[in-house]
Amino acid sequence: MSTHPARTRAGTGGGCQVHISWPRRVALIASALVGVLGTAFVAAPASATDPEDRILITAGELNCVDYSQGKIWQTSLNFARARYRFCLSESSDGTVVKPIVQVQFDWPIGDCSLAIGFPRSAEVSCPAGATRKRTIIKFQAYKSINNKPIVFRIPLTVTRPNGRTYTGWCNFTPQNTSTNTTQFALGKQDHPTLTCSGPQYKRLRGIYTISTFGPRGDVADDGAPERILPGGSFQYISQ
């Protein structure tokens, strides 16, 4: 439980699939923004920095937003939808926060469309014939970092209320070391997820902005180089 009873809870539940409701535009938000320094990352199709799209973080929660609209990545035989979301985890005692970017792969069978996430008006639909493909996505190693092959990368940037900014990368090595590939399939994991966690920080009052300039990887056998999701950012209120 939070040791800050004066703070208003913005959502309930726990775990990676927490859904945090959007806060109402009330005087509480306006007062929290007075005198705060918060630098937003470059605006992008999957951004949410309007005051009505900020959320108030809660102690003991991951404080995740909905997944972005995503992109359909496919080859001549296989396809998957790739999308991501931001979280700002807060410790149960309310003293520490940690920025997170999570990338998820899934296979939206049926109408193969999505109309939620951020921005909430965005929508993505599968290209013709996508649902007739196999529900598999495979990534191949396409670069080496510190002598380790890398199949997927997630950049993460966080700007704290004091104006200090951190940018780092999470690099994922192949699951199959003999072929230097990583494969996800519908039959094995319905929603395989890659999590990129930033440093832990002492919680400050004000606005946190978490950004990414595009999770990326090289889809095997698609005849194309590295694929990159659109960059985006999200802002959180800490009281």
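The values are calculated or read from the model by the stated rules, or taken from the named source; none is laboratory data. Note that the structure is a prediction, hence the values are computed from the model and not measured. For neighbour counting, all protein chains shown are included, and Cβ atoms are generated from backbone atoms with ideal geometry for every residue, glycine included. Quick note on the areas: whole protein, heavy atoms, side chains included, nothing else; ligands and nucleic acids left out. Shrake-Rupley method; radii C 1.70, N 1.55, O 1.52, S 1.80 Å.
Mind checking segment 160-239 for trypsin sites (Lys or Arg not before Pro) that DSSP puts in a loop (not H, G, I, E or B) and that have at most 14 other Cβ atoms within 10 Å?
Details: sites: R164, K188, K202, R203, R205, R216, R227; in loops: R164, K188, R203, R205.
Qualifying residues, ordered by number: R164, K188, R205.
For Q175 and K202 in the same chain, what is the full-extension length gain: residue separation times 0.36 nm, less their Cα-Cα distance, in nm? It would help to have the intermediate numbers written out before the result.
Details: separation 27, 0.36 × 27 = 9.72 nm, distance 3.42 nm.
Result: 6.3 nm gained on full extension.
Surface analysis of segment 138-187 yields an accessible area of 53 Å² per residue, using protein heavy atoms and a 1.4 Å probe. Across the cross-link table entries K71/K143; K98/K138; K98/K133, which are compared at the Cα atoms, the separations over 27 Å belong to K98/K138; K98/K133.
Computed 3J(HN,Hα) for segment 133-140, one whole-Hz value per residue from the Karplus formula 6.51 cos²θ - 1.76 cosθ + 1.60 where θ = phi - 60°, is 8, 6, 8, 9, 9, 10, 10, 10, glycine and proline marked x. Annotation: amide H of D218 within the under-5 Å range of Q140, R227, sequence separation 5 or more or interchain, hydrogens built in the peptide plane.
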